[in-house]
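All of the numbers you see were taken from the coordinates with simple rules; none came from a lab. None of these values were measured; they are calculated from a predicted model. Virtual Cβ from ideal backbone geometry, glycine too; neighbours counted across all protein chains shown.
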Amino acid sequence: MSEIALAVIGGTGVYRLAALEDVQSREVQTRFGAPSSPIRTGRLLGQRIAFLARHGEGHSVPPHRINYRANLAALKEIGARRVLALNTVGGITERFGPRVLACPDQLIDYTWGRISTLCEDPGEPVLHVDFGEPYTQLLRHKLLAAARVTGAVVVDGGCYGATQGPRLETKAEIARMRRDGCDLVGMTGMPEAGLARELGLDYVCLAIVANWAAGCGDGEEITMAEVLANVDSASTGLPELVAELARG
Ligand code: HPA
């Protein structure tokens, strides 16, 4: 079987890649347990891709209950070395309104109580991985280059703030995050990025802005219907972008 060129982790609103062909399903067990969903492998516009639904294919796993270690270990187990994380987010600062695609270059972790490292059990080696640049620089550049080829508009940079969820944030929490320097807010960016680094996987985030974060933009109440509709409409060029990144 040929090599996996790219693994894609889909977030809220992205539960499958409809354009994936010759799909095979793999139920992978890892030393950390089972991933959120079967891994679907197949060809996307000619490129060999693996896809995993982070919240499960029926969105049954909340952000704080996701087995991030199992998800990444399962992708590594089937031979993936590069991971494109699709993260549905709220936009905080001006450049990140609904339906924008962004490739953040920094993050701040506000999550708590999640298993955030491989160094959990006695006897595991203690790792102090460098995390100054939380996303793999080369893969970020490749994603931005792929966007130029396919014509997708992707904002280069921004700081992703990872919150605990599953509730959305208060206006005061978002105001604090803005003061901290966050541009985007989502619930699943961590510990995923840190674990990817510990596992030696190249990892990049493509954030899909679904709504203005609390108290930002028009200040309207955030509904799941709005979130899903915006993710849908922002995802139109996704198959071409993913395939081009896989090719590069
Ligand atoms: N906050 C946190 N996570 C999110 C949001 C939000 O406003 N929108 C989509 N995911």
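Structure values in brief
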| read-out | value |
| --- | --- |
| Residue among M187, M177, M224 with the largest mean-square fluctuation in a Gaussian network model of the chain, springs linking Cα atoms under 10 Å | M224 |
| Total formal charge among the other residues, if their Cβ is under 14 angstrom from that of C159, Lys/Arg +1 and Asp/Glu -1 | -2 |
| Most mobile listed residue (A53, A152, A74) in the chain, GNM with C-alpha springs under 10 Å | A152 |
| Check: the chain dipole with +1 on Lys, Arg Cβ and -1 on Asp, Glu Cβ, in debye | 320 debye |
| Between the stretch 72-111 and the stretch 125-165, the alpha-carbon center distance in angstrom | 7 Å |
| Sequence of I222, I9 once ranked by neighbouring C-beta atoms within 10 Å, starting from the fewest | I222, I9 |
| Local net charge near P63, Cβ-Cβ under 12 Å (Lys/Arg +1, Asp/Glu -1) | +3 |
| Order by protection proxy (mean Cβ within 10 Å, highest first), peptides 99-112, 201-214 | 201-214, 99-112 |
| Radius 14 Å from Cβ of T136, net charge of other residues (Lys, Arg +1; Asp, Glu -1) | -1 |
| Helical mean residue ellipticity (222 nm; -39500 (n - 2.57) per DSSP H run of 4+; nearest 500) of the chain | -7500 deg cm²/dmol |
| Residue among P63, P122, P134 with the largest mean-square fluctuation in a Gaussian network model of the chain, springs linking Cα atoms under 10 Å | P122 |
| Selection of GluC sites (Glu not before Pro), the stretch 163-242, meeting DSSP coil and at most 16 other Cβ within 10 Å | E220, E221 |
